[in-house]
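Heads up: the structure comes next, in structure tokens.
The values are calculated or read from the model by the stated rules, or taken from the named source; none is laboratory data. The model shown is predicted, which means the values in this text are computed figures rather than measured ones. Methodologically, a virtual Cβ is constructed for each residue, glycine included, from the backbone with ideal geometry; neighbour enumeration extends over all protein chains shown.
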Amino acid sequence: MTAVNTKKRLFQVTPAPHFHSGETIPRVMWAVVISLLPALLASIYFFGYRALQIEVVAVVSAVLTEAAIQKLRGRPVTVSDGSAAVAGLLLAFNLPVGVPLWLPAVGSAFWIAIGKQAFGGLGHNIFNPALVGRVFVMHSWLGRMTTWSPPRTALYEGVDALTYATPLGAAKEAVVSLVPAAEGVFSTADMFWGNIGGCIGETSAIALLLGVAFLLYRGYIRWQTPVAFIAAVGVLTWLLPEQDGALALTPLQHLLGGGLLLGAIFMATDMVTTPVTGWGMLIFGLGCGLITSLIRLYGGFPEGVCYSILIMNAFTPLIDRFTRLRIFGT
Amino acid sequence: MPKFWTFKGGVRLPEHKERTAGKKIRDLPPPDRVIIPLAQNAGSPPRPVVEKGQAVEEGEVIASPSGPVSSTLHASVSGKVTALDDFPVPYGPPAPAVEIETDPESSSRRRLAPLSDPSPEEIRSRALEAGVVGLGGAGFPIQVKLAPPEGTEIDCAIINAAECEPFLTVDYRMMLESGPKVIDGLKLIMKAVGAGEGIIAIEANKMDAFYKLQSLVHREKNIRVELLQVKYPQGGEKQLIAALLGREVPSGGLPSAVGCLVQNVATAAALSEAVREGEPLIERVVTVSGPALKSPGNFRVRIGTPFSYLVEAAGGLPEGELKIISGGPMMGVAQAGLEVPVVKGTSGILVVPAVHRERNLPCLHCGDCLRGCPMGLNPGDLATLVEKERWAEFEEHGGRDCIECGCCAYSCSSGRDLVQLIKLGKEALKKVKS
């Protein structure tokens, strides 16, 4: 048999392995976007098209800022990987519906620039960028960020937008004014479906749970963080005494009434800023739950999810160091 | 129902074995010329004992052992030595090799004296004389494995029939077609090291091989056949021992440290042939497969046969941009050309379409690499330490324990070349240490 003439053929040479699972950054990020869609629809349903406007502005601002900074840094523009869109959407979810539209634009631009690109871009940031953006707008425009509008259904019943409160806010308010808030305003069913005041993406428990089911099914998040986070808040708000004069909230109201589900499912599970091992995730989730409970019960703010995650983000490298896996044969 | 054993970590891969699993091993005639690289075994390459222009007979020794961990090479065809020079090889940069032009007229073949009842010492020296090395890829000379270090006792000899790399069907076909040889090889190994127990471990995607071997050993008291879950890298020596016996080979140690010896199917059969028939190791079975090949199959060819000859036998190169892999898709080496020869460790030649994907994007810290790692390492972390040239930490974090299976890079959403980086780190560590 004569040798085959292979002189003209060139073959691809790359290092092993030559198989790949097919998982890519865009695949992961767009899956997260899909998992956020139920909450997005719920936000429109309960807060009207203004919610959608806020979400669109936050996403567009995030994408444009990221592209602009990457151009300035002379780096490839990678906005199509979906990571800017994810965090833009998450930032919008953390805003009340009454904010002016420049606020999500400024917030998105800030977190992209300072929360993400200043650290070196995707994968290098220490703190959850969407939450960095939230803290920035919260402290810059505190009044606008704490003016809660009622969900659509309540509006029809003639509730005054300015006096409307979130379940957690009402409880905290009671501490200050020593006037018990109206009982029964927030039924468990309302909190489950999302028919309560709050940030536009955080109120509907059912929509968030649909999202987490999808992410767990696809294997992009693991159960440890959300379960530890939520369980810790449930147990601690049940065990610890409330501050004097506070409207006593049940653990269930703590779980459903604020940003806990949104935070535990979508923020505390952010891959970049949280631990990698199962034990690490448990510790991270428990830490978040502890800090959230302490802020909610004894702190000055009605809500503590955002700060608890940011504080625990700072501990991520330490947790990773102490939860290293046992190397085979050692 | 038998129990399915397994290990921690690893990934589930598409198997792609159906294209060649049903194909009987086909003997191919010798090619026009063979290129026999000297370095085909772990340890020191044998020293050539032939000269350019010299006539050699099939089975004649062309290179003899050069040290305690070395092997013997034989002419795989009768003919004339036409060159002693550097040639392209499938496992690295061009390396010294003996080129032999085949004499189509000659049909003689040199054999060693068959041994019917060899002593342990005779088995070891025969393995060396016949050039039997591990045929799974690493090429460890088996006479060395058959002489465990002083003070260690081997109680269990394991035949690794996991064949966990996708596409490859060499061991599977050998079990179906040469089952008795495989079992005889296992008995010889057990005798050489004094092991009281023999296990043949098969992944559960090869049930007919399992039943075939079980029917062959059902009268043997001290040999059993076990089934393993289909998971990569089940055929990794350490993973195999952990799955079957629950013993962990200590970090940096050899299987003998936990009383085990592992050989693959083809190696056991080759040892049997070397002892019982006096056959030197001059041929092996190679799976030639890939989605675009017209007639993929399992072929028995002479050591030194060019890849091009085998690809031609499998229907020739298809159109399009291709990748040629020597070995399996997880640990195999991509080839720049088809002129490289089959060596003792060549278990497969894969012709697959070239894939262009983004590589080495920033790490997302998702942890998929460490969940896939069968060694309990954090590959993403190790790769970053290599990029930053922090060798001490690389070592402290277990860089040297990596078995280079590729599960991490397979799983990485950022497409990082994790195994490649860790391999670089291991090399660098050797240099730093010396």
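Values computed for the structure shown
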quantity: Selection count where residues are assigned to a loop (DSSP other than H, G, I, E, B), farther than 22 Å from B:Ala75 by Cα and in contact with a strand residue (DSSP E or B) (Cβ under 7 Å, 6 or more places away or on another chain), scope segment B:331-355; calculated: 4
quantity: Yes/no for B:Leu364 being under 30 Å from A:Val32 (Cβ atoms) and in contact with an Asp or Glu (Cβ under 9 Å, 6 or more places away or on another chain); calculated: no
quantity: Subset tally (residues that are away from every other protein chain (no Cβ under 12 Å) and not aromatic (Phe, Trp, Tyr)) for segment A:9-60; calculated: 24
quantity: Test: residue in segment A:283-292 that is outside any helix (DSSP H, G or I) and in contact with a Gly (Cβ under 8 Å, 6 or more places away or on another chain); calculated: no
quantity: Test: residue in segment A:246-259 that is touching a His at 6+ places or on another chain (Cβ under 8 Å) and either assigned to a helix (DSSP H, G or I) or over 21 Å from A:Ile126 (Cβ atoms) (or both); calculated: no
quantity: Condition broken by B:Ala63, with the remaining ones in (1) more than 14 Å from chain A (Cβ to nearest Cβ); (2) within 19 Å of B:Arg302 (Cα to Cα); (3) in a loop (DSSP other than H, G, I, E, B) satisfied; calculated: (3)
quantity: Cβ-Cβ under 9 Å pairs, at least 6 apart or on other chains, segment A:315-330 side more than 10 Å from chain B (Cβ to nearest Cβ), far side β-branched (Val, Ile, Thr) and in a helix (DSSP H, G or I); calculated: A:Phe315/A:Ile283; A:Ile319/A:Ile283; A:Phe322/A:Ile283; A:Thr323/A:Ile283
quantity: Conditions (1) farther than 28 Å from B:Glu18 by Cα; (2) away from every other protein chain (no Cβ under 14 Å); (3) in contact with a strand residue (DSSP E or B) (Cβ under 7 Å, 6 or more places away or on another chain); number of the one not met by B:Glu203; calculated: (1)
quantity: Residue within segment B:225-245 that is at pLDDT below 95, farther than 25 Å from B:Phe4 by Cβ and either surrounded by fewer than 23 Cβ atoms within 10 Å (Cβ to Cβ) or within 14 Å of chain A (Cβ to nearest Cβ) (or both) present; calculated: no
quantity: Subset tally (residues that are surrounded by 24 or more Cβ atoms within 10 Å (Cβ to Cβ) and either of a type in the set (Ser, Thr, Tyr) or at pLDDT below 90 (or both)) for segment A:277-304; calculated: 5
quantity: Any hit, segment B:374-382, residues being polar (S, T, N, Q) and within 10 Å of chain A (Cβ to nearest Cβ); calculated: yes
quantity: B:Arg371 being at the interface with chain A (Cβ under 10 Å from one of its Cβ atoms), in a helix (DSSP H, G or I), over 23 Å from B:Val98 (Cβ atoms) and of a type in the set (Lys, Arg); calculated: yes
quantity: Subset of segment B:1-56 (residues that are without any contact (Cβ under 8 Å) to a residue 24 or more places away in the chain and in a strand (DSSP E or B)); calculated: B:Arg47
quantity: Subset of segment B:129-173 (residues that are among the charged types (D, E, K, R) and either in a helix (DSSP H, G or I) or without any contact (Cβ under 8 Å) to a residue 12 or more places away in the chain (or both)); calculated: B:Glu129, B:Lys145, B:Glu150, B:Asp171, B:Arg173
quantity: Odd one out for B:Val275, checked against (1) in a helix (DSSP H, G or I); (2) among the β-branched types (Val, Ile, Thr); (3) within 14 Å of chain A (Cβ to nearest Cβ); calculated: (3)
quantity: Condition met for A:Pro96 (surrounded by fewer than 17 Cβ atoms within 10 Å (Cβ to Cβ), outside any helix (DSSP H, G or I) and more than 9 Å from every other protein chain (Cβ to nearest Cβ)); calculated: no
quantity: Filtered residue count, segment A:216-230, keeping only those that are closer than 19 Å to A:Asn313 by Cα and assigned to a helix (DSSP H, G or I); calculated: 7
quantity: Any chance B:Leu128 is within 25 Å of B:Gly59 (Cα to Cα), surrounded by fewer than 22 Cβ atoms within 10 Å (Cβ to Cβ) and touching a Pro at 6+ places or on another chain (Cβ under 7 Å); calculated: yes
quantity: Test: residue in segment B:349-365 that is more than 9 Å from chain A (Cβ to nearest Cβ), surrounded by 24 or more Cβ atoms within 10 Å (Cβ to Cβ), modelled with pLDDT of 95 or more and within 17 Å of the chain's Cα centre (by Cα); calculated: yes
quantity: Any chance B:Arg390 is of a type in the set (Lys, Arg), surrounded by fewer than 24 Cβ atoms within 10 Å (Cβ to Cβ) and facing another protein chain (nearest Cβ under 10 Å); calculated: no
quantity: Options A:Ala87, A:Ala67; residue that is under 25 Å from B:Gly415 (Cα atoms), of a type outside the set (Phe, Trp, Tyr) and modelled with pLDDT of 90 or more; calculated: A:Ala67
quantity: Filter result (buried (at least 24 other Cβ atoms within 10 Å of the Cβ), part of a loop (DSSP other than H, G, I, E, B) and at the interface with chain A (Cβ under 7 Å from one of its Cβ atoms)) within segment B:309-330; calculated: B:Pro329, B:Met330
quantity: Residues that are at pLDDT below 90 and polar (S, T, N, Q), drawn from segment A:206-258; calculated: A:Thr237, A:Gln243, A:Thr250, A:Gln253
